[in-house]
1. Between Ser33 and residues 5 or more places away or on another chain, which pairs have amide H atoms under 5 Å apart, with H built 1.01 Å from N, and which residues are they?
2. Mind ranking Glu98, Glu14 by accessible surface for me, highest first, 1.4 Å probe?
3. For the chain, what proportion of DSSP beta bridges, expressed in % and rounded to the nearest 5, is antiparallel?
4. Please work out the average accessible area per residue across region 1-119, using the 1.4 Å probe convention, and give it in Å².
5. Working from the alpha-carbon coordinates of the chain, get Rg over Rh, Rh being the Kirkwood radius.
6. For Thr63, which sequence-distant residues (separation of 5 or more, or a different chain) have an amide H within less than 5 Å of its own amide H, given hydrogens modelled in the peptide plane?
7. Amide H of Tyr95 versus every other amide H placed in the peptide plane: which residues, excluding those fewer than 5 positions away on the same chain, fall under 5 Å?
8. Which value in deg cm²/dmol, rounded to the nearest 500, describes the helix-derived mean residue ellipticity at 222 nm for the chain, given -39,500 (n - 2.57) per DSSP H run of n ≥ 4 and division by the residue count?
Amino acid sequence: LGATPITYGAGLAERVAVVAPDGVDAAVDTAGSGSLADLVDIVGDASRVVTIADFGAGALGVTLITGNAHAAATIADAARLGEAGAYTPPVQAAYPVEKAADAHAHVQGGHTRGKVLITL
C-alpha cells in the first residue's frame, strides 16, 4: 500500500528516517498523541499531513478529517439495534493486528461483502 506504520513518541523522526531514508511524501496521524509538529517537520509540508485524532491540528495547518454531522447518531442507532439483537453487521473476515496489512489488501482487492475486522 505504500504506507508504513511507525510508533509515536520521542525519536519519531529517527524511526521514520530508518524506514524512509529518501523522505516521506505524506503522513496520516491516527493516534492524536501530540506528534503532529514532528510529522509536519518530517514531511516538510503541513498540507500533506492529516489527522483523525488531534483536534488542535488547525494551529499547525494540518487538516483534521472528521465524520459527518450525523455519524454519532448513526453509530448510536446501530448500537441500540445491535444491543436489541435487531442488527448484526456481516463480517467477511477478521485479521489479528499483526496482519493489518493483509486486512487492508483484502479490502483494497474489492468484492468485499461485509466488514473486515482487525482484532486486538
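The values are calculated or read from the model by the stated rules, or taken from the named source; none is laboratory data. Everything quoted here is computed from the prediction, not taken from an experiment. Accessible surface is based on the protein model in full, side chains and every heavy atom, while ligands, DNA and RNA are left aside. Shrake-Rupley method; radii C 1.70, N 1.55, O 1.52, S 1.80 Å.
1. Hits under the 5 Å cutoff: none.
2. Details: Glu98 150, Glu14 120 Å².
Greatest to least solvent exposure: Glu98, Glu14.
3. On the way: 0 of 10 bridges.
The antiparallel proportion sits near 0 percent.
4. Values: 8200 Å² over 119 residues.
Result: 69 Å² per residue.
5. Numbers: Rg = 17.5 Å, Rh = 16.9 Å.
Rg divided by Rh gives 1.04.
6. Val49, Thr51
7. Answer set, sorted by chain and number: Leu117, Ile118, Thr119.
8. On the way: 4 runs with 38 residues, N = 120.
Roughly -9000 deg cm²/dmol at 222 nm, from the helical runs in the chain.
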